[in-house]
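I have placed the structure first, in the form of structure tokens, so that the comments after it can refer back to it.
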Amino acid sequence: MADDPKLPSKLITILRDPQTMTYVLGVIGWLIVVWAFPFDWSLPAYAEF
Amino acid sequence: MIAEFSFLIWLLGLSVPVYWAMPAAWAAMRQVFLAVVSVVLLWALSPFILIAVTGFGVLVAVFALAVGAKADKRRLKMISWGLFLPLLLVEVIPVDLVISGLLGPRAVDVAGIRGFALLGLSYTAIRSFIITREIIDGNAPSPLQAVMSLVFFGSFVAGPITGSTPFRKPAARLEGQAALTGIARIGWGAAVFFVFRNAVAGADAVGWAGVAPDGTAAVWIITYQKFLTLYLDFTGYSEIAIGTALLFGIKLPENFRYPFLARSIQEFWQRWHLSLGAFIGTYLFKPLVRSYGKPTLAIFMAFVIVGLWHRLALPYFLWGIGHGAGLALNMYLKQRKAKQPRPVDPSPLAIRAVQNGAGWVFTMTYVAVLSSFALSPDIGSAVAYLLSLFGV
């Protein structure tokens, strides 16, 4: 697989598909968000109203 | 800020399963559920916001009754522009003070109310206008669809701008691809909105309330930095809005198409805030061309109006003139070029690359400077900002 000379062009073809790009960016985005913020998954205290 | 995002995740985690648990035959019930969730959220944000949106809803209903009573459609179309009058009122009346005075200690979120008065109200006005025009043009949504278009929490604060179209036929069932796309776009949007934007803006280094940096170079850097921040803020929000809507089977229109690739003002507006561009084309540019016959004048006038829609203030009026003049000149030069005979030999690649590069630098600088100018708190600081670009 790693020796496949067509691998770079295959990768480019996959990444040029907008749907695939959306998924890739989504995974990157969620990783960044989870990494950047130590999430407190408890319900936020929106009891003011 | 992140508390708000975790709140969104909780909200979606609870409301999406309930929404889809209702059978497809209960399409109206699903919409009622989503409308109720949105209304409760608006109420939680501030009762004033819900009252203001209800007021707009009542005005739309009055137009619907007038259409039903066979009122003159041309006159109704003219009157429908009056839906933007509340934007004038909030400039004259200190809304935040009045509201906090009326509601007393309950009006804890005065800053939120002010924010709504300046941004959310513009979007509510434009949505009400589009729905009203749909009704006048004989393409009326159902009352439930109209309510959904006005209150849907996913896109309430800042668009994408739509009439009732996306809310007319939500998907009957949640497709796997739509769900994954929605989740992906919320994730990417959150990274852009909460992480990238904050990284570019810096911790309170760049406020929106004017700049007082040292040296001309610093003013230029902050100009580009502010514009990039605005883009990340706006595109991140749009991504989250589009993703949220997809989880409910609603397809909102796209709002951005790589605006930082634009090589001319015209191309910039074909890539930036597309839903506003669609509104300008349909309700301002085309009618103005029909009235005056001159596209250059029409585009100029349309953008002056759009400047005032953003905010009824002198810096935004001049922002509209700046964009309108740039687009009119762009259009004029394009028309003149089209009339000239095509050269037999196209320009060499190097020359075209230089032309494109110069066009790109000019476009980005022009829109960034206009943006910082318009975001200045008043005309005095806007002029001071312009002068500081040249070391004055």
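Nothing in this text is a laboratory measurement; each read-out follows from the coordinates by a stated rule. The model shown is predicted, which means the values in this text are computed figures rather than measured ones. Every residue, glycine as well, gets a Cβ built from its backbone with ideal geometry; the counts of neighbours run over all protein chains shown.
Hey, which lysines would be in cross-link range of B:LYS337, C-alpha to C-alpha under 22 Å, not counting anything within fewer than 8 residues on its own chain?
The reachable lysines, counting only those whose Cα sits under 22 Å from B:LYS337, are B:LYS294.
Would you calculate, for chain B, the mean residue ellipticity at 222 nm contributed by helices, counting each DSSP H stretch of 4 or more residues as -39,500 (n - 2.57) and dividing by all residues, to the nearest 500?
Numbers: 20 runs with 269 residues, N = 392.
So the helix-based figure for chain B works out to -22000 deg cm²/dmol.
Projected onto the charge dipole of the protein assembly as shown (+1 at Lys/Arg Cβ, -1 at Asp/Glu Cβ, origin at the Cα centre), which of B:PHE303, B:ILE136, B:SER371 gives the Cα projection farthest towards the positive end?
B:ILE136
Can you tell which of B:ALA25, B:ILE93, B:LEU387 lies farthest toward the positive end of the dipole of the protein assembly as shown, using +1 and -1 charges on the Cβ of basic and acidic side chains (Lys, Arg; Asp, Glu)?
Farthest along the dipole direction, towards plus: B:ALA25.
Can you tell me how the range B:1-89 classifies by the Cα gyration tensor, rounded, prolate or oblate, using a/c under 1.5 as the rounded cut? Could you put the intermediate results ahead of the total?
Details: a/c = 3.63, a/b = 1.62, b/c = 2.24.
Oblate, because a/c is 1.5 or more while a/b does not exceed b/c.
According to the square roots a ≥ b ≥ c of the eigenvalues of the Cα gyration tensor, what is the shape class of the protein assembly as shown, taking rounded for a/c under 1.5, prolate for a/b larger than b/c otherwise, and oblate for the remainder? Intermediate values should be presented prior to the final figure.
Details: a/c = 1.31, a/b = 1.13, b/c = 1.16.
It comes out rounded by the Cα gyration axes.
Pick from B:ALA71, B:ALA61, B:ALA52 the residue whose mean-square fluctuation is largest in a GNM of chain B, springs joining Cα atoms under 10 Å.
It is B:ALA71.
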